[in-house]
Structures are given as C-alpha cells and as structure tokens.
Amino acid sequence: MVSCQICFGGKTIPVSFFLCGLLICLAGCGIVTVLPAARFGRAEPWRAEILVAFWVLTGLLSAVGTVLRIEGELSWCPVFGMDGPVLPMMVLLSFAGGVSGSGRYGVACVLSGFAFLALSPLIFGLLVGTALILLVRKGWIGLCLPVAVVPATVPVDSLLFTPALCVMVLLLGKATSVQTGPSALLPGATGLFLLGRLLTESGVLPSVCQFFLLCCGCGVALSGSMQALRRSSSAGQLMSGLVTSGFGLLVVILVLAFGTTLEGGEQFRTAALLAAGAPFLSALVLLWLCQDTKDASPEQEEGASSLILPSRLKGRYAQGIMACALLFLSGLPPLGSFSVLWCFIGAAEQAARAVPPLQALAVIVLTVITSCVMVINILALLRLVLAVVRSRSAQEDKDTAQSIFTLLPALVCVAAAAVVAFFPGGWLAFADNLLAGTFERPFLWSKSITVWFISSSESYTPLYCVMALLLCAGCLQMFSTLFKISPLPQAQFQAPFWQQGAPFIQAEKKELNSISPVPSDRQFNAQVDTFLGWQTYKVSVHTGWQKCVAAVSPLWQFVLRFCAVCEAQSGVLVLLFLGAGLFLGLFAG
C-alpha cells in the first residue's frame with residue numbers, strides 16, 4: 001500500500017502538482033502573449049481576458065503556496081528561489097503582469113516569473129537579463145543591464161561581491177527611471193528579490209560594503225525624487241521617478257534589516273513588508289493611469305512647470321481612483337507609506353540607543369535623509385494633484401464619457417491596496433517570509449488590523465486613525481450646520497449684490513505684435529538649469545574639451561552601431577555577460 005502524506009515539504013505530490021501548475025500558467029501567459037492574431041481566429045478579441053485569467057491563476061497559486069509555506073527543493077526540480085521569497089514575489093508579479101498587458105512588457109513579466117523558478121543562478125541571470133533588455137532596448141542602458149544580474153553568479157565571499165551589488169542597485173534604479181507604465185516596477189522588484197536573497201545568504205556585511213550600499217540606495221532615492229520634481233515633464237515620468245525613489249529607500253531598509261547588526265531588525269523587515277503591500281499596488285495603479293501621454297493638450301505644454309497629463313486622467317472615475325491611490329501611496333497619516341515611515345523611525349530609535357555615538361549619529365543622519373526623501377515625494381504627488389485639478393477646471397465641466405469597466409485593472413488594484421492597508425496584520429502574516437526564510441509572525445484575528453511585532457509591545461492600527469479622522473470631520477460638519485459657522489472661507493461675489501443678473505459685456509482683446517518680456521524668475525530658473533547641466537547652450541569659441549569630443553565622435557558612432565547589433569542579439573549578449581561574471585566570480589573565489 002502506497003501512503004500519501006499531505007505535507008508541504010520536499011518530495012511530495014502536492015508540491016509537484018503546485019509547481020507544475022505554476023509552470024503551466026506561466027507558459028500559458030507566454031504563449032498567449034506572443035501568439036500572432038491569425039492563430040487566435042475568432043478568439044482574438046478575448047486575448048486580453050485570457051491573459052488576465054492566466055495571471056490570476058498564477059497569483060492564486062502563489063498565494064496558496066505562500067499561506068501553506070511550500071518551501072524546499074524537489075528531487076526532480078531543484079528550484080532556485082523556493083526557500084521563501086519567490087512565492088510572494090510571484091503574487092506581486094501577477095499584478096504587474098495582469099496590468100502590463102501583451103507585447104514585450106508581457107514577455108518580460110513571463111521571463112521574470114520563470115527566472116524566479118529557475119534551476120540555477122546562471123539560468124536566473126539569463127532570463128532576468130533578457131527580460132531587462134526587452135524593457136529597455138535603446139541606448140547604452142540596454143547594453144549595460146545584463147551586468148545588473150551578475151551578483152547572482154558571484155560567490156558571497158568574493159572580492160567582486162560588493163562592487164557587483166552597488167552596480168546592480170545603480171543600474172536597476174536607472175532602468176526603473178527610464179520606464180513609463182506598469183513595467184517600471186519590474187526592474188525594481190527583480191532587484192529587491194535578488195538583494196534580499198543575497199543579504200539573507202551573506203548575513204552581516206562588512207562596514208565598507210554597508211557604507212557603499214547605503215550610499216547607492218540614498219543616491220537612487222534622491223535621483224528619483226528629483227526626476228519627479230523636474231520641470232516640464234509628463235505624469236508618467238513623474239511616477240517613474242517616484243517608483244525609483246521607493247526602490248532606493250527599500251534598498252536602504254533591506255541593508256539595515258539584513259546586512260547590519262543594528263537593533264530593530266524586525267522593525268526594518270516589517271517596514272519592507274509594508275512597503276511591498278499597499279504602496280506597491282497604489283504605485284501600480286498610478287503608473288497604469290499615467291502611462292498614456294499621446295493626447296496632451298497644447299495649453300499644458302505652454303507652462304514650464306506644468307505636467308503633460310494623459311487622456312485617461314480626464315474622466316471622473318479615473319480621478320476618483322487616482323485620489324484613493326494617492327491616499328495609500330503618500331506618506332501622510334494614517335494610511336499607505338506612513339506605516340512604513342512609522343516602522344522605520346521606531347527601528348532607527350532602537351538602533352541609535354544601542355550603538356556607540358558615531359554609529360548612532362550615522363543612523364540619525366540616515367533617518368533624516370529618508371524622511372526628507374519621503375517629504376519630497378509627497379510634494380511630487382501634490383504636484384500631480386494640482387495638475388489634475390487645473391486641467392479639470394480648464395475643461396469647464398465638460399466631463400468625458402468614460403466607463404468604469406475600462407478602469408477595471410486599476411479598480412482591482414485599489415481594492416487590493418485597501419485590503420492590505422486596512423488589514424496590515426493579515427498582510428504581514430501572509431508575506432512574512434518574503435525577505436526571510438523563517439515564518440515568525442502567525443496569523444491572529446485579534447491582530448489582523450494592527451501592525452505588531454514579536455520582539456516589542458508597540459503597535460499601530462491605521463483603521464482606528466481613519467475612524468478618528470472621520471469622527472472629527474463629522475463633528476465639525478454637525479457643528480457648522482447647527483451654528484451656521486464654517487471653518488472654510490466662503491466664496492466671495494465677483495460683483496455687488498445689486499449688480500447681479502445684469503448682462504455681462506466683455507471687451508475684445510487686441511492682439512499685440514510686441515514680444516512680452518520674460519519674467520525675471522524664469523530667467524533665473526534658466527540660468528540655474530544651465531549651471532546644473534540640465535540645459536545645453538552653444539558657445540562661439542570651441543574649448544579643448546569640445547575638440548576632444550569632436551575627435552572621438554567616429555568612435556562614439558561605432559559604439560552606437562555595436563549597441564544596435566547587441567540589441568538584435570540580446571540573448572547571446574546576456575549569455576556572454578553571465579558567463580564572464582561566473583568565470584570572474586569563480587576565479588576570484
């Protein structure tokens with residue numbers, strides 16, 4: 001008699017069935033994505049729905065595997081990432097894949113899914129490098145992106161481990177910033193997955209490695225924030241900058257949680273888990289809403305500080321969904337990224353109390369930098385809100401006809417973000433093995449709406465804060481209704497009362513041929529931009545540097561042609577880079 005034990009360890013039938021289901025779903029996503037329209041026939045109009053169904057099945061299987069803690073290696077398929085982090089990453093990837101749609105972005109998501117279930121680090125690097133090249137095919141960044149996955153093949157005790165990690169953070173931050181749309185989350189998610197695995201395996205990093213990784217993370221976060229505040233940019237570029245800034249901040253949190261011996265490691269890890277929940281889904285919604293920049297009105301392009309808004313944000317339903325996503329993404333209390341900031345500040349306080357003064361000062365400086373970056377990100381989100389309000393007032397209440405079903409992906413992601421934000425205890429119990437191999441925080445119904453820790457008695461409940469704010473708003477409204485007092489300024493009449501109802505005569509404006517003078521503040525901004533190198537200018541006298549640039553221009557043309565050839569042969573290029581990285585890692589080790 002053959003006994004079948006229903007346990008979720010290695011070498012069991014349920015685990016084999018689960019992994020085969022994941023592979024079949026990913027293969028189905030890839031086939032539906034790349035299959036030509038002639039092969040579909042009458043089912044071609046249903047391609048998007050079929051693709052979403054496959055991604056939903058992938059997410060459900062990954063969620064079930066995370067809850068049941070399916071881990072370990074199988075005898076017939078030694079999975080590279082099945083020791084904990086891969087399944088929650090597959091859940092997040094299913095959201096990104098379902099929203100990204102078909103095309104090369106969909107293929108990149110499928111390749112990333114297969115990479116998380118890869119047989120070896122070399123195959124992981126090959127698949128991920130190919131996915132990154134599919135995302136960014138133009139320019140020098142497309143040539144350098146395969147180098148970002150070299151740390152997967154370099155031994156932890158190698159001398160090249162620290163430089164490879166720093167290069168990975170910088171390259172993936174750059175790859176995130178040049179994307180517009182939901183695909184911007186793919187390089188950052190891949191980098192965080194790889195960094196979490198490597199930090200879990202290596203343990204405490206040397207002091208020099210910690211310093212350089214923290215500097216790289218802060219640099220990526222600041223560059224993303226500056227991109228979000230850049231003048232005369234589109235809404236898609238603003239959101240890509242915010243995602244890049246979030247990637248840099250998560251790198252800092254991961255290094256503090258796993259690469260150092262500071263106190264408060266559980267709080268740092270909890271902050272990373274919370275950042276991978278509601279803020280991730282909210283950023284996915286805003287990236288999807290801001291990705292279409294084809295229908296930009298000429299009035300928006302005239303202003304130097306205005307945003308080019310997509311046509312999708314002109315509808316009433318889209319603006320409501322965007323408002324909900326902004327609440328979950330912003331660092332304002334009590335929702336969204338405020339929980340991440342609360343955990344980070346609490347962990348930094350514990351770390352600063354238990355270390356020498358010099359290290360405590362470094363932790364305080366790092367906390368101040370992180371808080372300043374989050375404040376800058378709030379200003380960038382406020383800039384997006386003001387641009388939407390201005391465009392809505394310019395439309396003069398001419399609401400565009402928009403169906404709620406066209407915004408179904410964003411609506412689903414906002415609903416999931418609301419569940420994660422209002423039930424953080426359930427999300428932490430669900431994804432506690434996202435960054436660590438041990439499952440420490442159990443699921444408790446009494447603590448499902450609370451951010452709680454095992455090592456300390458501190459807790460935070462976002463739902464209670466929301467209820468308190470709603471209660472205060474209701475009391476204020478009742479008080480103003482009873483006593484006829486309003487805390488907000490009333491609208492002033494533009495004409496006296498006795499003149500209201502009279503016909504309004506508007507004089508015709510005469511066109512003037514004279515050129516209006518440029519304001520002094522605009523001249524100053526142009527001078528600052530030129531000084532910082534954001535704007536180019538021509539000079540009559542050629543300097544020695546310009547002569548050198550002119551001399552090496554044929555060599556630059558050759559480099560561009562070489563990049564074009566490499567883009568055409570991306571798979572071969574990735575294989576060569578990974579082979580070289582593996583050889584150097586083994587040689588140095």
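The values are calculated or read from the model by the stated rules, or taken from the named source; none is laboratory data. Quantities reported herein were computed from a predicted structural model and do not represent experimental measurements. A quick note on method: Cβ atoms are made from the backbone with ideal geometry, for glycine too, and the neighbour counts reach across all protein chains shown. Only protein heavy atoms, including side chains, enter the accessible area calculation; ligands, DNA and RNA are left aside. Shrake-Rupley method; radii C 1.70, N 1.55, O 1.52, S 1.80 Å.
Is it fair to say VAL178 is in contact (Cβ under 8 Å) with a residue 24 or more places away in the chain, under 25 Å from VAL285 (Cβ atoms) and surrounded by fewer than 23 Cβ atoms within 10 Å (Cβ to Cβ)? For VAL178, the condition - in contact (Cβ under 8 Å) with a residue 24 or more places away in the chain, under 25 Å from VAL285 (Cβ atoms) and surrounded by fewer than 23 Cβ atoms within 10 Å (Cβ to Cβ) - is met. Only a single item in (1) within 30 Å of LEU222 (Cα to Cα); (2) modelled with pLDDT under 85; (3) not charged (D, E, K, R) is not met by CYS372, and it is number (2). Across the stretch 125-138, a minimum of one residue is classified as surrounded by fewer than 19 Cβ atoms within 10 Å (Cβ to Cβ) and within 22 Å of the chain's Cα centre (by Cα).
Can you confirm whether CYS109 is at pLDDT below 75 and either crowded, with 24+ Cβ neighbours inside 10 Å or part of a loop (DSSP other than H, G, I, E, B) (or both)? Here the answer is no, as CYS109 does not meet what is asked. Can you confirm whether GLY188 is within 22 Å of GLY241 (Cα to Cα), small (Gly, Ala, Ser), touching a Ser or Thr at 6+ places or on another chain (Cβ under 8 Å) and in contact (Cβ under 8 Å) with a residue 24 or more places away in the chain? Yes: the conditions hold for GLY188. Contact map, the stretch 14-34: residues that are under 13 Å from ALA53 (Cβ atoms) paired with residues that are surrounded by fewer than 18 Cβ atoms within 10 Å (Cβ to Cβ) and of a type in the set (Phe, Trp, Tyr), Cβ distance under 9 Å, separation 6+ or inter-chain. Pairs shown: VAL32/PHE40. Taking the listed residues VAL365, VAL355, the one that is modelled with pLDDT of 85 or more, part of a loop (DSSP other than H, G, I, E, B) and open to solvent by 20 Å² or more (accessible area, probe 1.4 Å) is VAL355, with no other qualifying. The residue list ILE378, ILE369 contains one member that is in contact (Cβ under 8 Å) with a residue 24 or more places away in the chain and touching a Cys at 6+ places or on another chain (Cβ under 6 Å), which is ILE369. If you go through the stretch 207-236 and pick out every residue that is open to solvent by 10 Å² or more (accessible area, probe 1.4 Å), among the hydroxyl-bearing types (Ser, Thr, Tyr) and closer than 27 Å to ARG383 by Cα, you end up with 3. When every residue of the stretch 191-205 is checked against the conditions, at least one turns out to be at pLDDT below 90, closer than 30 Å to LEU382 by Cα and crowded, with 23+ Cβ neighbours inside 10 Å.
The single condition among (1) touching a Gly at 6+ places or on another chain (Cβ under 8 Å); (2) crowded, with 24+ Cβ neighbours inside 10 Å that MET239 does not meet is (1). Inspect the stretch 35-53 for any residue being closer than 26 Å to LEU273 by Cα, open to solvent by less than 30 Å² (accessible area, probe 1.4 Å) and either part of a helix (DSSP H, G or I) or at pLDDT below 80 (or both) and give the result as yes or no. Within the stretch 35-53, not a single residue is closer than 26 Å to LEU273 by Cα, open to solvent by less than 30 Å² (accessible area, probe 1.4 Å) and either part of a helix (DSSP H, G or I) or at pLDDT below 80 (or both). Residues that are surrounded by 10 or more Cβ atoms within 10 Å (Cβ to Cβ) and among the hydroxyl-bearing types (Ser, Thr, Tyr) within the stretch 445-485 comprise SER448, THR450, SER455, SER456, SER459, TYR460, THR461, TYR464, SER480, THR481, listed in sequence order.
Cβ-Cβ contacts under 6 Å between residues 6 or more apart (or on different chains), taken from a first residue in the stretch 206-234 that is in contact (Cβ under 8 Å) with a residue 60 or more places away in the chain and under 28 Å from VAL156 (Cβ atoms) to a second residue that is assigned to a helix (DSSP H, G or I) and open to solvent by 20 Å² or more (accessible area, probe 1.4 Å), are listed as CYS218/ILE369; ALA221/LEU249. Within the stretch 63-92, residues that are modelled with pLDDT of 55 or more and outside any loop (DSSP other than H, G, I, E, B) have Cβ atoms under 7 Å from residues that are polar (S, T, N, Q) and surrounded by 19 or more Cβ atoms within 10 Å (Cβ to Cβ) in these pairs: LEU87/SER62; LEU87/THR66; PRO88/THR66; MET90/THR58; MET90/SER62; VAL91/SER62; VAL91/THR66, counting only partners at least 6 apart in sequence or on another chain. Against the test of being within 30 Å of LEU195 (Cβ to Cβ) and either modelled with pLDDT under 80 or open to solvent by 30 Å² or more (accessible area, probe 1.4 Å) (or both), the options LEU254, LEU262 yield a single qualifying residue, LEU262. Of all residues in the stretch 368-386, those being open to solvent by 20 Å² or more (accessible area, probe 1.4 Å), under 16 Å from the mean Cα position of the chain (by Cα) and not β-branched (Val, Ile, Thr) number 2.
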